[in-house]
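The next block holds one structure in the form of structure tokens; read it before the comments.
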Amino acid sequence: MSTFEDLLVSDFEQCFEQMRHHDDAFENLLQFAYTGVVAVAGASGTLLQIWHANPLNVATVGLILLFSWMAGVVVVMSLAKNRVYFAKVARYVNEIRHLYLAKSTAVIANKAKMYTDWRFPPILDFGSTQTFQIYLASACDSFLFASGIITLIAYRNVSNHTEANVNWFWGILSFVASLVVEIVLIFVYWHLKEREYENPAGGG
């Protein structure tokens with residue numbers, strides 16, 4: 001093979017390694033997010049059970065939940081960023097495959113229809129597996145936010161010497177608001193990245 005072909009093969013192999021790396025990183029972040037939500041929720045319930053529902057303890061648990069939600073936002077945005085990296089490398093793999101098949105159509109006809117379009121996979125794909133996993137991670141994170149809001153409302157009630165009832169209205173509203181904001185921010189970020197890659201001359 002020529003030097004050009006050697007470099008092309010090496011680039012192709014390295015890109016596949018990067019794809020595996022980004023995919024593994026995505027799965028590890030997901031596992032961290034799910035484990036974190038379960039751990040925080042369990043710890044919060046245990047703390048309230050052990051310490052009892054006095055104002056200081058309820059406020060502490062509420063702040064822990066909200067802090068965990070903020071950490072979860074960082075994780076969710078990291079998942080969104082990882083999706084960008086994965087899609088970019090996968091597109092380059094498709095571009096190399098297209099070049100190879102164009103030069104060797106007599107050898108390989110690509111009857112299996114392997115991807116050769118550099119525009120695939122799209123970064124902003126509402127139905128992709130990674131996107132659905134991000135939906136779920138964001139929902140788990142929003143659960144922490146809603147739990148934190150409910151707990152702080154309970155703190156106000158306890159401070160006023162009234163019963164610490166669960167305010168489902170504010171809980172559901174907080175959950176939906178957090179979920180919608182996170183998903184919209186991710187879609188806006190992906191849309192901007194999509195435009196940047198499609199128009200590299202104008203990208204920032």
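Quick notes on this one:
- Qualifying residue in the range 54-62 (condition: over 30 Å from N157 (Cα atoms) and within 26 Å of the chain's Cα centre (by Cα)): no
- Pairs linking a residue in the range 137-165 that is over 18 Å from I64 (Cα atoms) to a residue that is surrounded by fewer than 16 Cβ atoms within 10 Å (Cβ to Cβ) and modelled with pLDDT of 90 or more, with Cβ atoms under 8 Å and 6 or more positions apart or on different chains, are A137/Y34.
- Residues of the range 49-77 satisfying the condition of being out of contact with any helix residue (DSSP H, G or I) (no Cβ under 6 Å at 6 or more places or on another chain) and within 30 Å of C15 (Cα to Cα): V73, V74, M77
- Hey, Y85 surrounded by fewer than 16 Cβ atoms within 10 Å (Cβ to Cβ) and hydroxyl-bearing (S, T, Y) or not: no
- The range 76-130, subset at pLDDT 85 or above and basic (K, R), residue farthest from the chain's Cα centre (by Cα): R91
- Selection count where residues are surrounded by 13 or more Cβ atoms within 10 Å (Cβ to Cβ) and farther than 15 Å from G148 by Cα, scope the range 39-53: 1
- Pairs where the first residue, in the range 59-74, is assigned to a helix (DSSP H, G or I) and the second is of a type in the set (D, E) and surrounded by 17 or more Cβ atoms within 10 Å (Cβ to Cβ), C-beta under 7 Å, 6+ apart: W69/D141; G72/D141; V73/D141; V73/E182
The values are calculated or read from the model by the stated rules, or taken from the named source; none is laboratory data. Given the structure is predicted, the values throughout are model-derived calculations rather than measurements. Don't worry about glycine lacking a Cβ; one is built from the backbone with ideal geometry, like all the others, and counts go over all protein chains shown.
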